[in-house]
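Asker: To start, I am sharing the structure in question, which I have written as structure tokens.
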Amino acid sequence: MFSLIEQTSNLDWLLLTKRPALGIEHLGIWQNINPEAARSIWFGISAEDQTRFDERVEYLTDIRLAENVTFVSAEPLLGHMRVALYREYIDWLIVGGESGSGARPMNQFWVQSLLRQCMYHRIPFFFKQWGGVHKKAAGNILDGRQWLEVPKQ
């Protein structure tokens, strides 16, 4: 994979995992690829609630490379989360509800709380969807608008 990243350093590579320890294991490989390609790697953790966020966020602090984007994907968001404590390690927050026949509900307050935290700390906020059985019908409007922010590089 790192060979392909080096060949396509004009792309942004979003590496998202629920197992961030694996990213740490590969940190040495990242340091051996050319610097331009290394800058194209965005490293993210998936966290569906506060417990999972607390377990995984420390890896963002370990893997943070000076020019790399680090992000959290709270999808599916299944509980309230406070991310502000680690704001210096979070360049982007993606939020979305679970979709499909067994989708668990997402509370609007949880999403609005994350939006407020991001606005206060100037973290780009990307709201993908409310989720549910009919995710397209539920859409991605939050507080009267779409939130599709991405980090600037």
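Where a number appears in this text, it was derived from the coordinates with a stated rule and is not lab data. Values in this document were obtained by computation on a predicted structure and should not be read as measured data. Using ideal geometry, Cβ is built from the backbone for each residue, glycine included, and neighbour counts are taken over all protein chains shown.
Asker: Give, in whole angstrom and from largest to smallest, the semi-axes √(5λ) of the equivalent ellipsoid of the stretch 57-99, with λ running over the eigenvalues of the Cα gyration tensor.
Answerer: Values for the stretch 57-99, descending: 21, 11, 8 Å.
Asker: Taking the DSSP beta bridges in the chain as the whole, what percent of them are antiparallel, to the nearest 5?
Answerer: Close to 15 percent.
Asker: Here is a further query. How many angstrom separate the Cα center of the stretch 136-153 from the Cα center of the stretch 3-17?
Answerer: Using only Cα atoms, the two centres lie 25 Å from each other.
Asker: Computed FRET efficiency, Cβ-Cβ of Thr51 and Ala138, R0 25 Å: what is it to the nearest 0.05?
Answerer: E between Thr51 and Ala138, to the nearest 0.05, is 0.45.
Asker: Across 5 Å bins from 0, what is the distribution of all Cα-Cα pair distances for the stretch 2-146, in whole percents?
Answerer: 2, 10, 19, 20, 18, 14, 10, 6, 2, 0
Asker: Between 0 and 90 degrees, rounded to the nearest ten: what's the tilt of helix 50-63 against the longest Cα principal axis of the chain?
Answerer: Once rounded, the angle reads 20 degrees.
Asker: PRE reach from Arg122 (point 7 Å along Cα→Cβ): which of the stretch 58-100 fall under 20 Å by backbone N?
Answerer: Only 65-72, 83-94 pass the distance filter.
Asker: Could I ask something else about it? Helix 108-121 versus the longest principal axis of the chain: what angle, 0 to 90°, nearest 10, using Cα atoms?
Answerer: 40 degrees
Asker: Sum -39500 (n - 2.57) across every DSSP H segment of at least 4 residues in the chain, then divide by the residue count to get the 222 nm mean residue ellipticity, nearest 500.
Answerer: That calculation yields -9500 deg cm²/dmol at 222 nm.
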